[in-house]
Amino acid sequence: MALFILRRLIQSLFVLIAVSVVVFFAVYAVGDPIELLVSPEASVADRQAMIARLGLDLPVWQQYLSFAWRALHGDLGNSFVHGIPAISLIVQRIPATFELVVVAIFLTCAIGIPLGLVAGLYRDERLGRGIMATSILGFSLPGFWQGMMLILLFAVWLGWLPASGRGDTSDVLGVPLSFFTADGWSHMMLPAINLALANIALVLRLTASGVVEARSQDYVKFARAKGVKPGRIVRRHILRNILIPVVTVIGMEFGSLIAYSTITESVFAWPGMGKLLIDSVYQLDRPVVVAYVMLVTLIFVLINLVVDILYAVLDPRVQLLAPAK
């Protein structure tokens, strides 16, 4: 297991280096932030002073080497706009995004897996076909449109939930969280549901197809022939064997939601990382954009590592087969 994890860590390091090169040159080669940061009435000397202070007078490759050296020491640069470390700016927004994603993933698991089981077990009946047909809506409808419809229905027409903002938070070890306030939950539900809808459909269909395939396997037929109760067959022989792809997808979607919740956060004015990224792109705040992508890449790398370890735990043949490659 140790060798298996070490190999994954080395692969992850190469991924981080490659991403840093591509992202840095792509971001620093586009646009001129000085045009947005310096007043049009500023003198040439002031402009040159600003350019030198931000390090933009150096060739891009020298800027990258400086960035890489500072990154090795945990410094991803200062925000051009806010004047504070970019990583601090992002970290301040992480709790808001993280709690939103946690609720969305919980809804995905709590709704998607049971509905997928039902759809797979009753595939040829009206109930199963209805669930599968409804799941298509989760893929087909754009996220921003779903968000607008949720706001229209639950905030404007029914008035049950607020349409935007984060609401009240409570500090837990210095971290502001919405989990412990009723107002926070009321603000969190609509964006969380909007994030979860497409993933519920994905997990539902993946679970249903896994159930259909597992039911045709010999070990399930043998268990049924032995007189094992249907509920036990589902729990011990079907659900357990379809969990690997489901765990993989949920893990990847967890990272995707953290990284790409920009649309939902923008629609609901949720003060998370996604909204910060959109604002930084508009303002050409290059250090924040690069730091954001690097942080997201690191999150994906860690999630993949955890998923690989879960693979090895669920199916020990995974770590045994890897050295043979």
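The values are calculated or read from the model by the stated rules, or taken from the named source; none is laboratory data. Since the model is a prediction, treat every value here as computed from it, not as a measurement. Reconstructed Cβ throughout: ideal geometry from the backbone, glycine too, with neighbour counts over all protein chains shown. Side chains included, ligands, DNA and RNA excluded: accessible areas come from the protein's heavy atoms. Shrake-Rupley method; radii C 1.70, N 1.55, O 1.52, S 1.80 Å.
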Inset, instruction - Take the chain, connect every pair of alpha-carbon atoms lying under 10 Å apart with a spring to form a Gaussian network, then pick out the residue of Phe300, Phe254, Phe180 with the largest mean-square fluctuation. - result: Phe180
Inset, instruction - Please report, as a whole percent, how much of the solvent-accessible surface of region 18-144 comes from carbon and sulfur atoms (probe radius 1.4 Å). - result: 67 percent
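Per residue, how much accessible area does region 1-73 show when a 1.4 Å probe rolls over the protein heavy atoms, in square angstrom? Provide the component values of the computation, followed by the final result.
Working: 4900 Å² over 73 residues.
I get 67 Å² per residue for this part.
Using DSSP to call loops (not H, G, I, E or B), can you name the trypsin sites (Lys or Arg not before Pro) in region 211-319 whose Cβ has at most 12 other Cβ atoms within 10 angstrom? Each step should come with its number before you reach the end.
Details: sites: Arg215, Lys221, Arg224, Lys226, Arg232, Arg235, Arg236, Arg240, Lys275, Arg317; in loops: Lys226.
Answer in residue order: Lys226.
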Inset, instruction - Show Trp270, Trp61, Trp157, Trp145 ordered by accessible area, largest first, where the area counts protein heavy atoms only and the probe is 1.4 Å. - result: Trp157, Trp61, Trp145, Trp270
Legend entry - Extension gain (nm, one decimal) between Val91 and Val306, 0.36 nm per residue minus Cα-Cα: 75.2 nm
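Relative contact order, percent, of region 7-160 when contacts are C-alpha pairs under 8 Å separated by at least 6 residues?
9 percent
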Inset, instruction - Would you give the gap between the C-alpha center of region 182-220 and the C-alpha center of region 28-47, rounded to a whole Å? - result: 48 Å
Legend entry - Surface accessible to a 1.4 Å probe, per residue, for the residues of region 92-314, Å²: 50 Å²
Legend entry - Over region 224-299, relative contact order from alpha-carbon pairs under 8 Å, at least 6 apart, %: 19 percent
Inset, instruction - Would you mind calculating the relative contact order of region 92-314 from Cα pairs under 8 angstrom and at least 6 residues apart, reporting the percent as a whole number? - result: 28 percent
Inset, instruction - Report the label-to-label distance for Leu243 and Ala49 in nanometres (one decimal), using points 7 Å from each Cα along the Cα→Cβ vector. - result: 6.3 nm
Legend entry - Cα-based helix-to-principal-axis angle, 60-72 vs the chain, degrees rounded to 10: 60 degrees
Legend entry - Estimated FRET transfer efficiency when R0 is 51 angstrom, pair Lys226-Glu41 (beta carbons, to 0.05): 0.05
Legend entry - Surface share of carbon and sulfur [accessible, 1.4 angstrom probe, percent] for region 200-266: 58 percent
Inset, instruction - Could you work out which residue, out of Met273, Met50, Met189, moves most in a Gaussian network model of the chain, that is, has the largest mean-square fluctuation with Cα springs under 10 Å? - result: Met50
Legend entry - P(r) histogram, all alpha-carbon pairs of region 69-161 included - 5 Å bins from 0, percent: 3, 10, 10, 13, 14, 12, 11, 9, 7, 5, 4, 2, 0
Inset, instruction - Exposed loop GluC sites (Glu not before Pro) only (DSSP loop, at most 12 other Cβ atoms within 10 Å): please give the longest stretch of the chain free of them, not including the sites. - result: 126-325
Legend entry - Descending Cα extents along the principal axes, the chain, whole Å: 86, 60, 38
Inset, instruction - With everything on Cα atoms, drop me the angle between helix 273-282 and the longest principal axis of the chain, reported from 0 to 90° to the nearest 10. - result: 40 degrees
Legend entry - Cα centroid of region 111-166 to Cα centroid of region 56-89, whole Å: 42 Å
